[in-house]
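The values are calculated or read from the model by the stated rules, or taken from the named source; none is laboratory data. Computed from a prediction, not measured in an experiment: that's the story for all the values here. Don't worry about glycine lacking a Cβ; one is built from the backbone with ideal geometry, like all the others, and counts go over all protein chains shown.
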Amino acid sequence: MFKNRAYIFYLLGSVISAIGNGMQFIAITWLILELTQSPTQVGITLAISFIPLMCLASFGGLIADQYDRRYLMILSNVFRFLAICIVPLVYWFSELNIFVIYIMQLFNAIGTSFFIPANAGFVREIVDDKNMYRANALTQVWIQVGKLSGAGLGGVFVALFGSINVVLINALTFLVAAFFIFYCRRGYTPPRVGNFKQRKFWGDLNAGFTLLIKQKSLLFYVFLSLLPAVFVHIYNLAVGVFVKQELNEGANALGFIDGGYALGAMVLGFLISRRSDWLKSKQLIPLVILVMAVPFILFGFSQTVPFATISVFLMGAAFQIGFTMFNTLIQITPPKAFVGRVTGFAKSVQSLCAFVSLLFLGAWLETHSVRVLLVSIFVLLIFTSLLIYITFMFSKKQYKTNEVLEKANET
């Protein structure tokens, strides 16, 4: 992979952006808790970022399947830089309140709605299908290195320099990432053959939905992608509240614990990048979901920062497996010309589920223990794993029965 020049530049941009995102999560979570002292506001702020993703991700996927994905990624990063700058500018020249953070989250998510589908299609342009599992795992390894560095630095920087300056640093990382994406390759590369007049947007969007309906496996993979995508956001909601209210610790402890997630994802990502063939076995899907469940029960019973960090480390490792397996299946199953639309649809569904979950759970945590939430997630994932396992066993038995009947009819 490191002989692929385009992939190297793409990876550098992703890592720089991940460092900023790691710091941003610590800074924004702590800033909201300082301003409001309310878990509900943390949940609302996180949930707001999903509104554009719900509404625009499918449209962003359509655009990504029509125009040069590299240019779309660059424009999205510049837009996100401007959006995030809203918070420090208001802080310096006016009075910062929670509604300004809402606006920043909203515009930042608009840029993300176009970036994610373009990113998925762009990776498939610069990496051949046989190396997709390895490329995705390797990318996640270095992204987690960035997030780990960002989370660790974020807690320290927030304590030393304040949340506002950390938010500005994250904004600047988007400009750096755009620079590296620009140099991934030269020239214009359309995702498919055809000129502007031949492009029928609503017809192409309908073609994407038709593909999803016809390929039932794609819908199943979209459902699977919900599990790590939604529950990692619930973890993001819970971890700040858990550290502040259950462990009675500060921003440094939050950065240390959240860094455990990045470290776990990094370690498993490295192992997957070295040997990824086992991820292609769909029979392992129930086991992967089961493995994702275990860290939640451990985290829920944590009493100290070290034990919580170990639990979150295991969570990062387990979710790395889920993200790599499920997202790669979404990337490689449809034709290349449909990757943006399929990814955009998946992101829209993920965002809808995360939006509802964060709004409900943010309010729920005002009167309930975050430990109860973590144990409940464990139970839900165990049930899902068993249900999929039973379905697989039934399908396998039905397949064998049909095979026997076909042979009997032939004789």
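Here are the numbers:
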{"item": "The stretch 1-25, residues that are buried (at least 24 other Cβ atoms within 10 Å of the Cβ) and either in contact with an Asp or Glu (Cβ under 7 Å, 6 or more places away or on another chain) or without any contact (Cβ under 8 Å) to a residue 24 or more places away in the chain (or both)", "result": "none"}
{"item": "Test: residue in the stretch 273-285 that is among the aromatic types (Phe, Trp, Tyr) and surrounded by fewer than 15 Cβ atoms within 10 Å (Cβ to Cβ)", "result": "yes"}
{"item": "Residue identified as touching a His at 6+ places or on another chain (Cβ under 9 Å), crowded, with 22+ Cβ neighbours inside 10 Å and closer than 26 Å to THR139 by Cα among PHE115, PHE50", "result": "PHE50"}
{"item": "Among (1) at pLDDT below 90; (2) part of a helix (DSSP H, G or I); (3) surrounded by fewer than 16 Cβ atoms within 10 Å (Cβ to Cβ) - the single one ASN248 does not satisfy", "result": "(2)"}
{"item": "Single condition TYR188 does not satisfy, out of (1) over 30 Å from TYR71 (Cβ atoms); (2) modelled with pLDDT under 75; (3) among the hydroxyl-bearing types (Ser, Thr, Tyr)", "result": "(1)"}
{"item": "Selection within the stretch 62-96 - modelled with pLDDT under 85 and under 11 Å from PHE122 (Cβ atoms)", "result": "ALA64"}
{"item": "Selection within the stretch 136-179 - within 30 Å of LEU329 (Cα to Cα) and over 21 Å from the mean Cα position of the chain (by Cα)", "result": "PHE179"}
{"item": "Residue in the stretch 324-333 that is surrounded by fewer than 20 Cβ atoms within 10 Å (Cβ to Cβ) and in contact (Cβ under 8 Å) with a residue 24 or more places away in the chain present", "result": "yes"}
{"item": "Selected residue [of a type outside the set (Val, Ile, Thr), surrounded by fewer than 18 Cβ atoms within 10 Å (Cβ to Cβ) and part of a helix (DSSP H, G or I)] from PHE242, PHE256, PHE231, PHE223", "result": "PHE223"}
{"item": "Qualifying helices (runs of 4 or more DSSP H) (wholly inside the stretch 1-95; at least 2 residues being within 20 Å of LEU237 (Cα to Cα) and either in contact with a helix residue (DSSP H, G or I) (Cβ under 6 Å, 6 or more places away or on another chain) or not aromatic (Phe, Trp, Tyr) (or both))", "result": "5-36, 39-48, 50-64"}
{"item": "Residue in the stretch 54-103 that is surrounded by the fewest Cβ atoms within 10 Å (Cβ to Cβ), counting only those that are in contact with a Gly (Cβ under 6 Å, 6 or more places away or on another chain) and over 25 Å from CYS353 (Cα atoms)", "result": "PHE79"}
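The rows are residues; the columns are (1) surrounded by fewer than 16 Cβ atoms within 10 Å (Cβ to Cβ); (2) hydrophobic (A, V, I, L, M, F, W, C); (3) assigned to a helix (DSSP H, G or I); (4) modelled with pLDDT under 80.
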position: VAL141; (1), (2), (3), (4): no, yes, yes, yes
position: GLN144; (1), (2), (3), (4): no, no, yes, yes
position: GLY155; (1), (2), (3), (4): no, no, yes, yes
position: ILE169; (1), (2), (3), (4): no, yes, yes, no
position: THR173; (1), (2), (3), (4): no, no, yes, no
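Residues checked against (1) modelled with pLDDT under 85; (2) within 30 Å of GLU125 (Cβ to Cβ):
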position: LEU287; (1), (2): no, no
position: VAL291; (1), (2): no, no
position: THR304; (1), (2): no, no
position: ILE310; (1), (2): no, no
position: LEU314; (1), (2): no, no
position: ALA317; (1), (2): no, yes
position: ALA337; (1), (2): yes, yes
position: ALA354; (1), (2): yes, yes
